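Scroll down for the structure; my scribbles are underneath it.
The values are calculated or read from the model by the stated rules, or taken from the named source; none is laboratory data. Predicted model only: the values in this text are computed from it and were never measured. Glycine also receives a Cβ, built like all others from the backbone with ideal geometry; neighbour counts cover every protein chain displayed.
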2 protein chains.
Amino acid sequence: MGLAKTEIFTDSQNEIALFAKVFGHPARVAILEHLFKTNTCVCGDLVNEIGLAQPTISQHLKELKLLGLIKGNVEGTSVCYCIHPENWTKMKAVMNTFLNQDLPKTDCC
Amino acid sequence: MGLAKTEIFTDSQNEIALFAKVFGHPARVAILEHLFKTNTCVCGDLVNEIGLAQPTISQHLKELKLLGLIKGNVEGTSVCYCIHPENWTKMKAVMNTFLNQDLPKTDCC
DNA sequence: TTGTTTCATTGCAATATTACGATTAATAAG
DNA sequence: CTTATTAATCGTAATATTGCAATGAAACAA
């Protein structure tokens with residue numbers, strides 16, 4: 001099927017999965033790390049920075065934008081991308097409650 | 001293609017993507033949350049808990065085990081699954097360095 | 001206008017993922 | 001031994017993802 005049965009899971013579980021999914025590809029991880037590193041707007045140099053074709057990068061950027069993790073402003077013929085700080089913080093809160101669950105004190109297995 | 005070009009990314013980027021990918025499906029999020037909640041070994045009741053067929057759950061468990069996030073012990077005819085505390089902590093460290101990157105002070109776009 | 005640059009979109013091929021029925025393997029119970 | 005019970009594996013269908021060449025759209029320069 002290749003189709004996740006989202007309706008049987010909670011909104012929280014689906015939200016975590018959606019965020020995680022977007023981080024589930026090294027190209028998107030690399031794009032985000034580059035946006036963090038430059039700490040300012042990056043335009044077309046992502047294609048040079050990462051070794052993928054321009055349509056591929058554009059597609060990955062679209063997914064990141066769709067989830068609200070980055071924003072892009074058109075500036076002349078180029079587009080300026082950067083991290084969306086507020087949404088990134090919100091995402092972090094969601095992921096942290098998942099990742100920071102209390103580990104069992106007793107090792108069971 | 002459907003094939004990620006892992007060789008052009010750093011080990012760190014690939015590692016983050018691998019961990020994130022396994023969290024990228026609500027069923028696996030639900031399985032992990034249940035293992036955390038019960039705080040002890042869970043055997044076969046994951047199939048009843050989550051509304052997916054037994055082979056499907058078994059497949060998701062396999063992926064979680066492959067990454068080392070859970071461990072499973074055979075106990076008679078059933079298998080006891082639980083979180084792998086040490087590996088979970090290691091994974092958390094990897095994900096946190098990615099998620100907690102410094103946000104730019106100046107809103108650029 | 002015509003070209004140039006830059007990024008988005010379309011279309012498609014290759015591969016991956018998800019889900020489950022059917023079956024198998026292993027242990028336990030009678 | 002035979003029969004449950006439980007979980008893993010196999011096989012397969014449906015869908016999703018990845019990557020890129022080709023093309024399109026928008027802004028700018030000459």
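Here are a few things to note about the model shown:
- Members of segment B:78-97 that are more than 7 Å from chain A (Cβ to nearest Cβ) and not hydroxyl-bearing (Ser, Thr, Tyr): B:Val79, B:His84, B:Glu86, B:Asn87, B:Lys90, B:Met91, B:Ala93, B:Val94, B:Asn96
- Selection over segment A:28-37 of residues that are more than 7 Å from chain B (Cβ to nearest Cβ) and hydrophobic (A, V, I, L, M, F, W, C) gives a count of 3.
- Residues that are near DNA strand D (Cβ under 8 Å from one of its atoms) and in a helix (DSSP H, G or I) within segment A:3-22 comprise just one, A:Lys21.
- Taking first residues from segment A:8-35 that are within 23 Å of B:Lys5 (Cβ to Cβ) and in contact (Cβ under 8 Å) with a residue 24 or more places away in the chain and partners that are surrounded by fewer than 18 Cβ atoms within 10 Å (Cβ to Cβ) and hydroxyl-bearing (Ser, Thr, Tyr), the Cβ contacts under 8 Å between residues at least 6 apart in sequence or on separate chains come to A:Ala27/A:Thr56.
- Set side by side, the residues B:Pro55, B:Pro85, B:Pro104 differ, and just one is within 14 Å of DNA strand C (Cβ to nearest atom), on the phi < 0 side of the Ramachandran plot and of a type outside the set (Asp, Glu), which is B:Pro55.
- Filter pass, B:Gly2 being surrounded by fewer than 16 Cβ atoms within 10 Å (Cβ to Cβ), near DNA strand C (Cβ under 10 Å from one of its atoms), without any contact (Cβ under 8 Å) to a residue 40 or more places away in the chain and within 30 Å of A:Leu52 (Cα to Cα): yes
- Residue check for A:Ile16: out of contact with any Lys or Arg (no Cβ under 9 Å at 6 or more places or on another chain), within 9 Å of chain B (Cβ to nearest Cβ) and within 24 Å of B:Ile31 (Cβ to Cβ): yes
- Qualifying residue in segment B:41-51 (condition: at pLDDT 95 or above, surrounded by 13 or more Cβ atoms within 10 Å (Cβ to Cβ) and in a helix (DSSP H, G or I)): no
- Hey, B:Val42 within 12 Å of DNA strand D (Cβ to nearest atom) and either over 30 Å from A:Leu35 (Cα atoms) or within 7 Å of chain A (Cβ to nearest Cβ) (or both) or not: yes
- Pick from segment B:52-77, criterion of a type in the set (Ser, Thr, Tyr) and either within 8 Å of chain A (Cβ to nearest Cβ) or surrounded by 13 or more Cβ atoms within 10 Å (Cβ to Cβ) (or both), ranking: farthest from DNA strand D (Cβ to nearest atom): B:Thr56
- Residue match in segment A:23-30 (condition: within 13 Å of B:Leu99 (Cα to Cα), of a type in the set (A, V, I, L, M, F, W, C), assigned to a loop (DSSP other than H, G, I, E, B) and within 14 Å of DNA strand C (Cβ to nearest atom)): yes
- Members of segment B:74-102 found to be without any contact (Cβ under 8 Å) to a residue 60 or more places away in the chain and among the aromatic types (Phe, Trp, Tyr), listed by number: B:Tyr81, B:Trp88
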